Amino acid sequence: MSERISVRGDRDFRILWAGRAAGQLAAAMSGVVVQVLAVTALGADLSDVALLAAVTAAVTAVLALPTGLFVEYRRKRPVMLAAELIRAAGFGGVLLAGWLGGLRFELLVLAAAVVAVGQVGYLAASSPHLAALVSRRRLVDATGRLESTVWLSVTIGPAVAGALVAWTGPVAAVAALVVGFAVSAGTVMLLRTPEPEPAVPEPGGSRSSELLAGLRYVRHHPELRRILAGWLLFAGASGMAAPLTTVFYLRELQFSSVEYGLLMGVPSLGGLLGARLAGPLASRWGAVRVARWAGLARSPWWLLTASVVPGPAAAWLTGGAFALLLVFAALTNSVLAAYRQIVTPDHLLSRVATLWSFTTTASQPVFIVVGGVLAELVGVRASLCVVAGLVLLSGMLLPSGSPPASRPAAG
């Protein structure tokens with residue numbers, strides 16, 4: 001990649017990257033730490049654990065679009081700083097209650113809601129902030145680097161959390177989450193590049209009109225409209241596949257818990273590779289073309305997974321298929337996330353970013369339910385083949401060829 005479009009050597013990006021890595025590692029660890037804490041220290045059952053996930057999803061769905069509008073007209077760094085401090089405070093309350101002996105499940109639910117608020121706020125602010133910090137011509141490279149850190153965190157976060165819980169106990173392990181989000185907040189304060197002035201609301205515009213401005217822009221943009229539809233289908237299919245693969249691995253392929261844990265973590269290195277390839281490939285072949293072909297290449301690996309039978313090679317085949325799936329998924333996501341920011345006007349970046357978050361949160365539960373019903377009717381293998389078909393369709397929905405140079409009106 002030429003130096004012209006690389007963020008290599010950019011001081012502020014390195015600082016932001018380090019902070020994001022700390023926050024992402026804390027987020028990746030939090031799932032294990034909170035669930036172990038709920039089950040072992042508070043005696044939570046399966047429905048209680050599901051409630052924690054439901055609270056996070058509900059907060060995200062309700063606040064995503066309003067938060068995008070709120071953040072759009074404000075400087076992004078104060079929002080990012082506040083969001084990370086909110087997440088640190090949410091887990092800090094759990095830590096303090098645990099040390100004082102007053103930790104209750106209701107407090108854990110409240111903390112999950114508070115942390116979800118911070119997560120939504122950070123997402124809404126970080127996307128436009130990145131576009132302003134590195135400039136649009138370097139977005140693909142910057143996004144690829146940040147996405148690679150996400151995948152690395154997904155790979156090592158649960159293992160680090162498990163080891164930390166075993167060593168210190170679940171309550172003390174919460175301290176690591178507080179530190180991770182606090183470090184992320186601290187790095188925001190170290191950034192020197194001046195922020196641009198935030199967008200100014202149009203006079204006379206109604207709140208409902210402003211709230212849906214991001215959706216209207218995407219609906220009238222021929223490429224973004226197809227990208228959103230493809231993302232909705234891919235995110236839904238991925239959510240549908242998660243419980244199916246758990247049942248398939250543990251029951252039909254009879255993997256041990258150790259094998260299952262490795263299969264959930266190690267293949268994520270494929271995502272790391274795919275994210276790092278995004279910049280060079282998009283620079284050489286073009287973002288839209290790379291996303292189209294990588295999007296189509298996500299599908300066959302589900303068919304390979306569905307065809308695996310119990311035996312010595314089963315873990316290698318399913319692990320290899322999952323790793324290759326994640327290579328192309330991360331490549332597609334990294335390129336499309338950067339492209340989305342490139343073609344979106346500055347005054348709509350937060351609202352478009354939270355639209356993607358809302359779409360994911362709203363669609364996945366529906367697909368999960370459909371997947372469960374389908375598995376009861378036709379079996380897990382056939383259901384995984386349906387997942388492959390949905391993923392293929394999601395790739396076919398993506399735009400192909402060169403995008404038009406002009407943007408639609410951002411009304």
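Descriptive notes on the structure:
- The residues of region 166-184 that are modelled with pLDDT under 95 and crowded, with 22+ Cβ neighbours inside 10 Å, listed by number, are Pro170, Ala173.
- Which listed residue is among the β-branched types (Val, Ile, Thr) and within 16 Å of Trp17 (Cβ to Cβ), from Thr155, Thr168, Thr193: Thr193
Yes/no matrix, rows are residues, columns are (1) part of a helix (DSSP H, G or I); (2) within 22 Å of Val188 (Cα to Cα); (3) touching a Pro at 6+ places or on another chain (Cβ under 9 Å); (4) not aromatic (Phe, Trp, Tyr):
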{"residue": "Leu37", "(1), (2), (3), (4)": "yes, no, yes, yes"}
{"residue": "Gly43", "(1), (2), (3), (4)": "no, no, no, yes"}
{"residue": "Ser47", "(1), (2), (3), (4)": "yes, no, no, yes"}
{"residue": "Ala54", "(1), (2), (3), (4)": "yes, no, yes, yes"}
{"residue": "Phe70", "(1), (2), (3), (4)": "yes, yes, no, no"}
{"residue": "Pro78", "(1), (2), (3), (4)": "yes, yes, no, yes"}
{"residue": "Leu85", "(1), (2), (3), (4)": "yes, yes, no, yes"}
{"residue": "Ala89", "(1), (2), (3), (4)": "yes, yes, no, yes"}
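- Inter-residue pairs, beta-carbon under 6 Å, first part of a loop (DSSP other than H, G, I, E, B) and in region 220-233, second not small (Gly, Ala, Ser), 6+ apart: His221/Pro408
- Test: residue in region 357-365 that is farther than 14 Å from Ser238 by Cα, aromatic (Phe, Trp, Tyr) and either in a helix (DSSP H, G or I) or in contact (Cβ under 8 Å) with a residue 60 or more places away in the chain (or both): yes
- Only one entry of Val36, Val32 meets the criterion of being more than 19 Å from the chain's Cα centre (by Cα) and either over 30 Å from Ser209 (Cα atoms) or assigned by TED's automatic domain parsing to the domain that holds Val179 (or both), and that entry is Val36.
- Listed by first and then second residue, the pairs linking a residue in region 52-76 that is assigned by TED's automatic domain parsing to the domain that holds Val36 to a residue that is charged (D, E, K, R) and buried (at least 21 other Cβ atoms within 10 Å of the Cβ), with Cβ atoms under 8 Å apart and 6 or more places separating them unless they lie on different chains, are Leu65/Arg351; Gly68/Arg351; Leu69/Arg351; Glu72/Arg351.
- Single condition Gly204 does not satisfy, out of (1) at pLDDT below 90; (2) assigned to a helix (DSSP H, G or I); (3) surrounded by fewer than 20 Cβ atoms within 10 Å (Cβ to Cβ): (2)
A quick yes/no check of all residues on (1) surrounded by fewer than 19 Cβ atoms within 10 Å (Cβ to Cβ); (2) in the same structural domain as Thr60 (by TED's automatic domain parsing); (3) modelled with pLDDT under 95:
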residue: Ala321; (1), (2), (3): no, no, no
residue: Arg351; (1), (2), (3): no, no, yes
residue: Gly379; (1), (2), (3): yes, no, yes
residue: Ser383; (1), (2), (3): no, no, no
residue: Leu392; (1), (2), (3): no, no, no
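- Residues (under 21 Å from Pro128 (Cβ atoms) and among the β-branched types (Val, Ile, Thr)) located in region 41-75: Thr60, Thr67, Val71
- Among the residues here, Arg87 does not qualify as surrounded by fewer than 18 Cβ atoms within 10 Å (Cβ to Cβ) and modelled with pLDDT of 95 or more.
- In region 249-262, the residue that is modelled with the lowest pLDDT out of those that are over 27 Å from Val160 (Cβ atoms) and in a helix (DSSP H, G or I) is Arg251.
- Boolean, Leu190 is in the same structural domain as Ile15 (by TED's automatic domain parsing) and out of contact with any Lys or Arg (no Cβ under 9 Å at 6 or more places or on another chain): yes
- Comparison of Ala18, Ala112, Ala22, Ala116 shows that the only residue that is under 30 Å from Leu281 (Cβ atoms) and buried (at least 18 other Cβ atoms within 10 Å of the Cβ) is Ala22.
The values are calculated or read from the model by the stated rules, or taken from the named source; none is laboratory data. A quick note: this is a predicted structure, and the numbers were derived from the prediction, not measured. With ideal geometry, Cβ positions are generated from the backbone for all residues, glycine too; neighbour counts draw on all protein chains shown.
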